[in-house]
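First the structure, in the form of structure tokens, and then the observations on it.
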């Protein structure tokens with residue numbers, strides 16, 4: 001027998017990627033037991049430039065039952081093996097943050113300690129040589145991970161680049177087929193209960209009243225429910241992450257697809273390059289105090305692979321978070337809950353992270369405050385961990401002297417990041433919590449890529465004979481080097497998957 005106080009009606013304010021991901025997940029998870037209504041207006045544009053993802057996207061696509069081949073076709077997607085960072089550490093320098101892992105999972109000490117020991121014993125094997133994802137990316141190739149741990153293919157991870165507008169449209173079709181009701185309209189008024197403060201209904205400018213038990217704020221930076229109606233504050237992180245604008249423009253494809261995102265440091269920020277099947281996405285993320293919008297647009301347009309396909313679009317944002325994205329019966333998901341700029345492609349991950357936490361902690365109509373507290377605590381851990389990871393990229397530079405980079409190099413850092421860097425410098429250890437998004441391979445790639453090196457390694461590695469250890473590390477580099485050229489070029493692999501090969 002069902003409890004009488006179960007939530008029966010969920011109302012989502014806002015479409016776009018966040019709104020339709022949330023609608024698809026709720027309708028797929030609850031079926032007909034919960035009615036889902038989404039209010040959005042065609043007159044309000046979505047940010048829609050978040051075209052790169054990280055491997056956690058597979059969890060969401062499986063949750064909502066997406067067929068990969070159909071999804072790739074519908075969203076003009078390509079495969080992503082990681083991110084290349086150009087000119088960050090210093091002009092002329094580049095490094096790669098691969099998905100997956102470095103080396104296989106050997107018994108005993110973590111593999112990177114074996115590499116650090118081999119280096120200390122005189123072996124000169126660069127970190128990238130131990131990553132199959134990095135080597136495939138460099139050669140324009142792609143392969144999916146294999147389940148057999150004995151195969152070097154088991155070390156791979158991958159995500160996607162896709163057109164965010166097409167992804168939202170695809171999820172809308174899926175959601176409406178699953179019973180979600182879409183209402184076209186602009187929000188005029190939020191009704192609230194006089195005693196509890198809970199939101200009871202949204203009223204549109206046409207006078208339609210949409211009542212609900214639980215309300216999801218997917219209204220983007222405007223945060224109309226969590227910020228506007230409930231007045232929940234926003235914690236500004238721009239002193240650590242000073243970029244506050246982006247200008248974006250698509251351009252024509254001119255070459256074979258690179259199976260990775262490229263991030264190139266510029267004088268006042270950085271430029272992204274995201275290859276799709278039908279075009280290439282580009283943008284310049286920058287700090288408005290150091291560069292005008294016109295200069296940013298001119299710099300971006302001067303650094304495109306192909307012909308611009310549209311006028312540059314300007315976006316403004318403030319890096320930061322809401323410490324209580326769930327309050328009363330309102331849950332903020334997506335940009336309304338906070339924003340950490342697109343450097344490591346975490347925006348779509350944070351949407352699905354919010355959805356996953358909501359499903360795990362899904363309340364009854366009373367919205368037990370303990371559930372909201374738990375949601376807010378784990379969401380804050382997610383945001384704080386990603387924030388530290390992004391700050392690492394900005395402050396650990398040596399060869400750039402523009403005002404933005406001088407500021408980032410000398411700014412006071414969060415204590416958590418200082419402690420993590422110092423521990424790695426001393427002992428080669430990567431101290432991570434179990435539920436952190438970015439794992440050992442990611443921190444290792446960026447720390448080393450940005451010039452932060454380890455002076456020591458785990459003493460457990462000394463139980464392995466030095467010559468044996470060096471030989472095994474060399475052997476793994478050789479296996480990677482032999483395997484990479486035998487795997488298909490990205491466009492051939494994609495063509496086979498979508499049926500155009």
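Please treat every number below as a calculation from the coordinates, not as lab data. Remember, it's a predicted structure, so these values are computed and weren't measured experimentally. Heads up, the Cβs are rebuilt from the backbone with ideal geometry, glycines too, and the neighbour counts pull from every protein chain shown.
Descriptive notes on the structure:
- For the stretch 128-196 versus the stretch 246-272, the inter-centroid distance based on Cα atoms is 20 Å.
- Folded to 0 to 90 degrees: helix 369-395 orientation relative to the chain principal axis, Cα: 40
- Approximate spin-label separation residue 463-residue 364, in nm, with each point projected 7 Å along Cα-to-Cβ: 5.1
- Packing-based exposure ordering (other Cβ within 10 Å, fewest first) of 386, 12: 386, 12
- In terms of surrounding Cβ atoms within a 10 Å radius of their Cβ, 360, 22, 75 rank from fewest to most as 360, 75, 22.
- For the chain, the 222 nm mean residue ellipticity estimated from helices alone, with every DSSP H stretch of n ≥ 4 adding -39500 (n - 2.57) and the total spread over all residues, rounds to -10500 deg cm²/dmol.
- For a label point 7 Å along the Cα-to-beta-carbon line of residue 28, residues of the stretch 189-223 with backbone N under 12 Å: none
- Inter-centroid distance (Cα atoms) of the stretch 434-501 relative to the stretch 310-387, Å: 31
- Sequence ranges 406-412, 389-395, ranked by mean other-Cβ count within 10 angstrom, highest first: 389-395, 406-412
- Subtracting the Cα-Cα distance of residue 492 and residue 401 from their residue separation scaled by 0.36 nm leaves 28.5 nm.
- Were the residues from residue 356 through residue 184 laid out at 0.36 nm apart, the gain over their Cα-Cα distance would be 59.2 nm.
- Relative contact order (%) - the stretch 183-271, alpha-carbon pairs under 8 angstrom, separation at least six: 13
- Temperature 20 °C, viscosity 1.002 mPa s: under these conditions the Stokes-Einstein estimate for the chain, based on its Kirkwood radius over C-alpha pairs, is 89 µm² per second.
- Full extension of the chain between residue 125 and residue 373 yields a length gain of 84.6 nm, computed as 0.36 nm times the residue separation minus the alpha carbon distance.
- Rounded to 0.05, the FRET efficiency of the residue 173 and residue 452 pair, given R0 = 41 Å and the Cβ-Cβ distance, is 0.35.
- Computed over the chain: relative contact order in percent, which uses C-alpha pairs under 8 Å that are six or more apart: 22
- Antiparallel content of DSSP bridges confined to the chain, in %, to 5: 70
- Distance between modelled label sites at residue 409 and residue 439, nm, 7 Å Cα→Cβ extension: 3.5
- Note: relative contact order over the stretch 66-156, using C-alpha pairs below 8 Å and six or more positions apart, is 27 percent.
- Per residue, the convex hull spanned by the Cα atoms of the stretch 245-316 measures out at 75 cubic angstrom.
- Fewest neighbouring Cβ atoms within 10 Å first, the residues 32, 205, 295 line up as 32, 205, 295.
- Modelled label positions at residue 239 and residue 426, each set 7 Å beyond Cα in the direction of Cβ, lie 2.6 nm from each other.
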